[in-house]
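The values are calculated or read from the model by the stated rules, or taken from the named source; none is laboratory data. Everything numeric here is computed off the predicted structure, so don't read it as measured data. Don't worry about glycine lacking a Cβ; one is built from the backbone with ideal geometry, like all the others, and counts go over all protein chains shown. Keep in mind that these areas ignore ligands, DNA and RNA; they rest on the heavy atoms of the full protein, side chains included. Shrake-Rupley method; radii C 1.70, N 1.55, O 1.52, S 1.80 Å.
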Amino acid sequence: MSDSESLARTPVADPAEANAWFPSPFSLTSYVAPKTDFDGANYPNAYTGGKWKILLIATQERYLKMAGGEFFSTGNHPVEMLLPMLHLDAAGFDIDIATISGDPVKFEMWAFPKEDEAVKGIYEKYKEKIRSPLNLQEVWGKGFSDTTPYIGVFIPGGHGVMNDIPFSKIVGNILRWAHENKRFFISLCHGPASMLAANVETPEGSKFIYDGYEIVVFPDSLDVGVNVDIGYIPGKMPWLVGESLRKLGINPVNKGITGETRRDRLVLTGDSPLASNNLGKLAAKTLLGEVARLG
């Protein structure tokens, strides 16, 4: 490998924090495209009832501390958040955006598809909610009930989600509420790490709600291999999503990233940013079918 090739694979320093790093130029050419595969969001049976809506839980954390002490400058992946939002919005669902403490959503803006007008449009529509989200603790309040109007809980990916959401008691309460009340859980890439929250401070003697579920998720093999080799992440991961999910009985079924989605009961997942458009379609069609059934 030449010196220039080696430099292109070296993570780029984030000047806002000591020992913090953005992905390398080479890795961005591999992972970030100027446009997504968005091919329209046509829902002639769009929801118009005004009752049911989506709760989107995003990360407020910028830096993921790696095993070697380096900080990965991350957040939520914009395509993984915005493309599913685009479909859900087009299907007629209002979307509440919240972070655990109400701090602004952190985005991996280096992954924003700069030539994608559809993604730009949905970002502009929700920019104020993204920059001034709801406080999840206040949203939860004294708890949800069977009349709480969230038909689905959407947690997008990006490595930043690994910081706070999987260890949150409130997220765990919300996921268990969704499971008990037959509401949908939607996630992709590293977002399914949030399923770990359903095991936080569980009632004594209760079974893990996702035991035996099959999902697709970003493969651990890429986070311990190519993502380090090409400088997408600045070092060894602090922990691995798939490995941690398997310990609780969840079965990630994919080996690579192909844009695959999967539904297991009320859980809808996608394998990577490549699945963002597919997952958006699956979620929109599934939720429209559900609200039609509920009347």
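Mean-square fluctuations from a GNM of the chain, with a 10 angstrom spring cutoff on Cα atoms, peak among 194, 30, 276 at 30.
Using a probe of 1.4 Å on the protein chains alone, the accessible area found for residue 130 is around 0 Å². Look at the alpha carbon pairs under 8 Å that are at least 6 residues apart: their mean separation over the length of region 207-258 gives a relative contact order of 55 percent.
Split the chain at each of the GluC sites (Glu not before Pro) in a DSSP loop with at most 15 other beta carbon atoms within 10 Å, and the longest piece is 18-114.
Rolling a 1.4 Å probe over the protein heavy atoms leaves residue 147 with an accessible area of roughly 100 Å².
Using a 1.4 Å probe on the protein heavy atoms, what percent of the accessible area of the chain belongs to carbon and sulfur? Please report the intermediate quantities before stating the final value.
Details: 6390 of 12600 Å².
Ligands and nucleic acids excluded, carbon and sulfur reach 51 percent.
Select from region 29-68 those trypsin sites (Lys or Arg not before Pro) which occupy a DSSP coil region and have at most 15 other Cβ atoms within 10 Å, ordered by residue number. List each step's numbers first, then the result.
Working: sites: 35, 51, 53, 62, 65; in loops: 35, 51, 62.
Passing both the DSSP loop test and the Cβ count: 35, 51.
For region 199-256 versus region 71-99, the spacing of their alpha-carbon centroids is 21 Å. Calculated accessible area for the chain comes out at 43 Å² per residue, all protein chains present (probe 1.4 Å; ligands, DNA, RNA ignored).
When the charge dipole of region 1-137 is built from unit charges on Cβ atoms (+1 for Lys and Arg, -1 for Asp and Glu) and taken about the Cα centre, the candidate among 42, 82, 99 whose Cα reaches farthest toward its positive end is 99.
Where does region 195-295 land on Rg/Rh, using Cα atoms and the Kirkwood Rh?
My calculation of the ratio gives 1.04.
List the trypsin sites (Lys or Arg not before Pro) in region 113-169 that DSSP assigns to loop (not H, G, I, E or B) and whose Cβ has at most 14 other Cβ atoms within 10 Å. Which are they?
Working: sites: 114, 120, 125, 127, 129, 131, 142, 169; in loops: 114, 142.
Listed in order of number, the matching sites are 114, 142.
The residue 115 and residue 222 beta-carbon pair, evaluated with R₀ = 30 Å, returns a calculated FRET efficiency of approximately 0.70.
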